[in-house]
Amino acid sequence: MTIGTLVFGVAFIVALGSAIAMLFARNAVHVALFLVAAQVALALTFLLQGAFFVAAVQIIIYAGAIMVLFLFVVMLLGVDRSEALVEPLPFQRPLALGLGALLAAGILYLAVAGIDAASTITGDGSGALLALNRDPGNVLALARVLFSRYLLPFEATSALLVAAIVGVMVLARRVGSISAVAPRISPAEEREVA
Amino acid sequence: MTEVAPSYFLVLAALLFSIGVVGALTRRNAIVIFMFIELMLNAVNLVFVTFSRMWGNLDGQVLVFFVLVVAAAEAVVGLAIILLITRRRESANVDDAHLLRW
Amino acid sequence: MREAGLAPFIVGLPLLGAVVLLVFGRRIGRASGLIASGAIGLAFVLGVITFARLLGLPAEEREATQRVFDFITVGDFSTGVSLLVDQLSVVMVLVVTGVGTLIHIYSISYMAGDPRYSRFFGYLNLFAAFMLLLVLGDNLLLLYVGWEGVGLCSYLLIGFWFERPIAATAAKKAFLVNRVGDFAFMIGIFVLFVSLGTLDLLAINANAAAMGAGLSTAAGLLLFLGATGKSAQIPLYVWLPDAMEGPTPVSALIHAATMVTAGVYMVARLSPVFEASGGAALTVVGYVGALTALWAALMASAEYDIKRVLAYSTISQLGYMFLALGVGAYSAAIFHLVTHAFFKALMFLGAGAIMHVLGGEVDMRRMSGLRRAMPIVAYTFAAGVLAISGIIPFAGFFSKDAILASAWIEGNFLLWGIGTVTALLTAFYMARLYIRVFEGRLETPEGTHAHDAPALMAAALIPLGVLSVIGGVINLPGLVTLEHFLEPALGESEVPTGVLTFLLPGLALVAGAAGLFIGRRLYMGEGAEARRARLVAAGGPLVEAARNKFYVDRIYAATIVAPGRALASFCADVLDGRGIEGVVNGTATFIGRSSQSLRHLQTGYVRTYGVTFLFGVVLVFGFLLTRVVLA
């Protein structure tokens, strides 16, 4: 058993455990914290597979920025609210569990049985990836791919982000501030409307 | 590079994804549902990284960035919507918003 | 084959006039009458030029077609808008444009003040264009286009005063009755096309003998049924008397001089087809014509409406023409067609002048002695009466005599007999009409003041009156100019010889004179009333039946219209109302009911949708997976 296997085992257990714990945590803050744990564990698996930069981004942006945003909203809406355990919709839980299990079974089958078939096509790319990480370095190699072959999608994501920012600003404005901008209705018109 | 076979990572991803699905469908708090969706996206990221390793190139890792961007945008807009709903209905429970029906 | 020269313009001018008037008529206003008259007048001039050019050619070269443009080309079949100028069509063109021009001029005065003045002239020009297309078209398709076109114009013009329900009904009746004939005509065209493979008139005539007796009889009878519709013969004549609801110039132009003669023209044009049947089709044509002549003359004798008398008279005279066609005297039929166009148009226009000054009055019992008030109308009308009665030397004498003589020569004495009796009846009812209206003490309906026809009306009446007097010149016995002219197109016809040369015309003249004399005895002078009463008593049921138009309209109503209506209401109420609507409404109700229960699937819970979505994902995923595994 090498150190890599050991690290994977730990990451595996932490990620899966946190995910399951998310299912049962009643408090939203706890759910968020378990998610952070799972994401950190996932960052470990990224590291194990030579994706150093992605792992760093995973921790900084996902586990850091996005989760802070989540926690912020949770706090804004009130921490003390916790969900009731009673499921109001009939069949929702058994259906979700059953179908989820079926889905998992399908993907697992693919992951275990199909991956061998896939390996015959791809071969083991570990060596090539190691070489890339060593020679130009992970970040540099990544940047070269991102800014050459994926330049157009990259630019497109910038448009997506701008749209998201504008959308959020429109959505989050207080109703009062909207009416302040909207044309005022004269008293006569108001009576007419009434 | 680890000697752990790619299948193991994929198995982890499959399990996390399925847990995400079940959680998104069974929980009622909108924010929590969102977190499960983030979990599913993370599982997908893991798959991309694993495939990147199998092919021996960096395309999979680049795709992780795109998933990340989309997830960020989606989280921001989604949270804003949740915020609005909560402001109006005093609840983040998705079951409370079921007016649009027969 | 030479080009037909001016023919396209003869058709084109009235068509152009119609388009201009129907599109810009409202803006043109008063000038419409002049434009329309000018268009057809110019067409007449072109017709005369064409005629003169034909005369300048040797007889066997007087035939030319001109393709204006291709109309339909399917595979190796091709038919085009091409016009045929020969002796027959040029005669028809002259009649249509000549009489048409006079009637257009007459209408300027007659229709003055009508709110749809320019539309009337647009229709008239359109009619002229279609009629000219009918007579000039060199193939059956074009002839049919013209045939339907004049039917349409007839419908539009009968119902020109559509505010009056009776006019609208009459227009509808004319259209529907014609439809029966047109359908048969169309099938006849199909028969000819299937058996000969061409629609070209000259080609059909050249190959008609090859069709065989059976097919040509069928084709001939179907074509003739079409002719009975357009030319108002038994059994489809019922629309023509009702068509008198239209403006009187329309009655003169369409329902006396031109359109109703289309059937005569068509049969004459396709005479080889009729002859190919070995006489069967021609016999039917002859007897139907003779019967119609007699039948309509009887009804005319009992009618009080002056326009309807003229309508029945038209039917009767058209019967004469078909009688002539039936005995193979095609040029005699065309001759009578020409003279009839003169004197019948004349009498219609005269009747129109009377109506014009008497406030639309048509009942001859309410008028008398008009000769004193309107001498021009009276004397021209008298010329028409003498012409139709067959009095020498008026135009009708020669044409009617030619027909009767042909029947005799053909050895068909029955037809000759019917024709002669009809000639007597014709003279009688015309004398009755004339004496009642124009002779005796001057009487007019209250509130009207009789005065003579206005200048423009007189301008149409006088030339027609002159033509009624001298129209026979074109085919004087011994000279037989028209027949010689038509011979290359219609074939030779026999001329009486020896003692018959004088005996047959003499008999016809005696019949006509006797009719006039009987009319005078019954309607003029001392004791006329008493003699009339005795005749009615003697005639008994015949007079009664004739007054009721022999109940034909009622019989048609009971046997054809009523079952048709029953079938229509069955289709509308039961078949459509319950059957089709039941299926439609049933489908709607079924969908509605099932949707009522299905809509509950839409709970509004986003998580329910999520599970449904997941179900779909699992399903598709599973499907793909099984394909992978099985592969």
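Between the range C:404-431 and the range C:127-176, the alpha-carbon centres lie 31 Å apart.
The string of couplings for the range C:188-195 from the Karplus curve (6.51, -1.76, 1.60, θ = phi - 60°) is x, 4, 4, 4, 4, 5, 5, 7 Hz, one whole number per residue in order, with x for Gly and Pro. Averaged over residues, the count of other Cβ atoms within 10 Å places the peptides C:167-176, C:268-277 in the sequence C:268-277, C:167-176, highest first. Between C:Trp161 and C:Thr612, the contour length at 0.36 nm per residue exceeds the Cα-Cα span by 155.4 nm.
Each peptide in C:220-232, C:284-296 was scored by the mean count of other Cβ atoms within 10 Å over its residues; highest first, the order is C:220-232, C:284-296.
Please give the average number of partner chain Cβ atoms lying within 10 Å of the Cβ of each residue in A:47-60, rounded to a whole number. Mind dumping the intermediate values first?
On the way: counts 2, 9, 14, 8, 11, 1, 4, 12, 3, 0, 5, 6, 0, 0.
Mean partner-chain Cβ count within 10 Å for A:47-60: 5.
In plain terms, the chain from A:Glu87 to A:Val14 could stretch by 23.5 nm, reckoned as 0.36 nm per residue minus the Cα-Cα distance.
Cβ-Cβ distance of C:Ala572 and C:Val552, R₀ of 30 Å, FRET efficiency by 1/(1 + (r/R0)^6): the value works out to about 0.60. Across peptide A:16-23, the mean count of Cβ atoms from other chains lying within 10 Å of each residue's own Cβ comes to 5.
Which order, highest average first, do C:253-264, B:60-71, C:569-580, A:45-56 follow once you tally other Cβ atoms within 10 Å for each residue and take the mean per peptide?
The most tightly packed comes first, giving C:253-264, A:45-56, B:60-71, C:569-580.
Residue by residue along A:137-148, Cβ atoms of other protein chains within 10 Å of the local Cβ number 2 on average. Within the same chain, aspartates and glutamates fewer than 8 places from C:Lys230 are excluded, and of the rest, those with a Cα less than 12 Å from its Cα are C:Glu148, C:Asp182. With the simple model of a label 7 Å out from the Cα in the direction of the Cβ, A:Thr120 to C:Arg531 spans 12.4 nm. Relative to one another, the C-alpha centroids of the range C:373-401 and the range B:39-77 are positioned 109 Å apart.
Only the coordinates and a few stated rules stand behind these numbers; no lab work does. What you are looking at is a predicted structure, and each value in this text was computed from that prediction instead of being measured. Quick reminder, even Gly has a Cβ in these numbers, built from the backbone with ideal geometry, and neighbours come from all protein chains shown.
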